[in-house]
Amino acid sequence: MKRIDKLLISSFVGPFVVTFFIALFVLIMQMIWVYIDDIIGKGAGLLILMEILVYLSMSLIPMALPIAILISSVMVMGNLAERYELSSFKSAGVPLLRIMAPLMVVAGIVAAFSFYCSNYLIPVANLKFKSRLYDIRRQKPTLSLEQGVFNYDFKNYVIHIGDKGEDNKTISDVIIYDHQPINKDRPTLITAKTGEMYTTPDEKFFVMNLFNGTQYQ
């Protein structure tokens, strides 16, 4: 490896690493809002949140790499032109393609790594990410319900709870709107002062036991 190659690669690696993590952070913040209701405020621990973020970041690596290459390449070539090093190379008879050759090699290696991520890592990361969200909801039924917020996760039902206990199972001040097609001509409303939610032992059914309530139809 010649000195010019070492100069360009060393000048490229630093900005590339910084811009890659900045681009990845921006993409994660953009995508996290899609799942913010399923993650934040659901009682999940710090380790689970970190695991979900790792799975999500792995799926965004191929999107962050091109951005990092573009920005870091512009920074490197811009610095060379600003310090007149690019003009010195050309005056010494070094063609522009020869100057850019080390960056092209690095970009090819990054492209191969991006292909590997898209072909092998992303399918596994997406599967584990969705599985983790499913496990959170299945193990703790009330995690998908926030107090004081209307929830539309249950088909044909809108559920509102005023408060829920620390065990993430007991609930109070429950309001349920029944929007099933069979009841489209006669609106149905269920209210209850207290209740509890849980899944059956075989984890096939979701159960709500409501107490001291009224059904309006």
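Go through the residues of the range 200-214 one by one and say whether even a single one is modelled with pLDDT of 80 or more, in contact with a strand residue (DSSP E or B) (Cβ under 8 Å, 6 or more places away or on another chain), at positive phi and surrounded by 15 or more Cβ atoms within 10 Å (Cβ to Cβ).
The answer is no; no qualifying residue exists.
Can you tell me which residues in the range 65-84 are more than 30 Å from N126 (Cα to Cα) and either in contact with a Cys (Cβ under 6 Å, 6 or more places away or on another chain) or surrounded by fewer than 16 Cβ atoms within 10 Å (Cβ to Cβ) (or both)?
Result: V74, G78, N79, A81, E82, R83, Y84.
Identify the single condition in (1) in a helix (DSSP H, G or I); (2) under 22 Å from A125 (Cβ atoms) that M104 does not satisfy, given that it satisfies every other one.
(2)
Does the range 109-132 contain any residue that is modelled with pLDDT under 85 and either surrounded by fewer than 11 Cβ atoms within 10 Å (Cβ to Cβ) or small (G, A, S) (or both)?
Yes; the residues of the range 109-132 include at least one that is modelled with pLDDT under 85 and either surrounded by fewer than 11 Cβ atoms within 10 Å (Cβ to Cβ) or small (G, A, S) (or both).
List the number of the failed condition for L97; all other conditions in (1) at pLDDT 90 or above; (2) more than 14 Å from I28 (Cα to Cα); (3) not basic (K, R) hold.
Every listed condition holds for L97 apart from (1).
Please work out which one of (1) loosely packed, with under 15 Cβ neighbours inside 10 Å; (2) assigned to a strand (DSSP E or B); (3) charged (D, E, K, R) is the condition E196 fails and give its number.
The number of the failed condition is (1).
In the range 146-176, what count of residues is obtained for those that are outside any strand (DSSP E or B) and either of a type in the set (D, E) or at pLDDT 85 or above (or both)?
Selection size over the range 146-176: 4.
Please indicate, with yes or no, whether at least one residue in the range 81-95 is in contact (Cβ under 8 Å) with a residue 60 or more places away in the chain and either closer than 30 Å to N151 by Cα or under 27 Å from the mean Cα position of the chain (by Cα) (or both).
No - not one qualifying residue is present in the range 81-95.
Scan the range 1-14 and report the pairs whose first residue is among the aromatic types (F, W, Y) and whose second residue is surrounded by 12 or more Cβ atoms within 10 Å (Cβ to Cβ), with Cβ atoms within less than 7 Å and a gap of 6+ or a chain change.
If the second residue must be surrounded by 12 or more Cβ atoms within 10 Å (Cβ to Cβ), the pairs left are F12/S72; F12/V76; F12/L103; F12/V106.
Only residues that are in contact with a Lys or Arg (Cβ under 7 Å, 6 or more places away or on another chain) and among the polar types (S, T, N, Q): list them for the range 191-209, please.
T199
Could you tell me whether any residue of the range 136-145 is modelled with pLDDT under 80 and within 16 Å of S11 (Cα to Cα)?
So far as the range 136-145 goes, no, none of its residues is modelled with pLDDT under 80 and within 16 Å of S11 (Cα to Cα).
Can you tell me how many residues in the range 177-193 are of a type in the set (K, R) and in a strand (DSSP E or B)?
Residues meeting the conditions: 1.
Just name the residue that is modelled with the highest pLDDT out of those in the range 42-64 that are surrounded by fewer than 17 Cβ atoms within 10 Å (Cβ to Cβ) and assigned to a loop (DSSP other than H, G, I, E, B).
By that ranking, first place goes to G45.
The values are calculated or read from the model by the stated rules, or taken from the named source; none is laboratory data. The model shown is predicted, which means the values in this text are computed figures rather than measured ones. In this analysis, Cβ positions are derived from the backbone assuming ideal geometry, glycine residues included, and neighbour counts consider all displayed protein chains.
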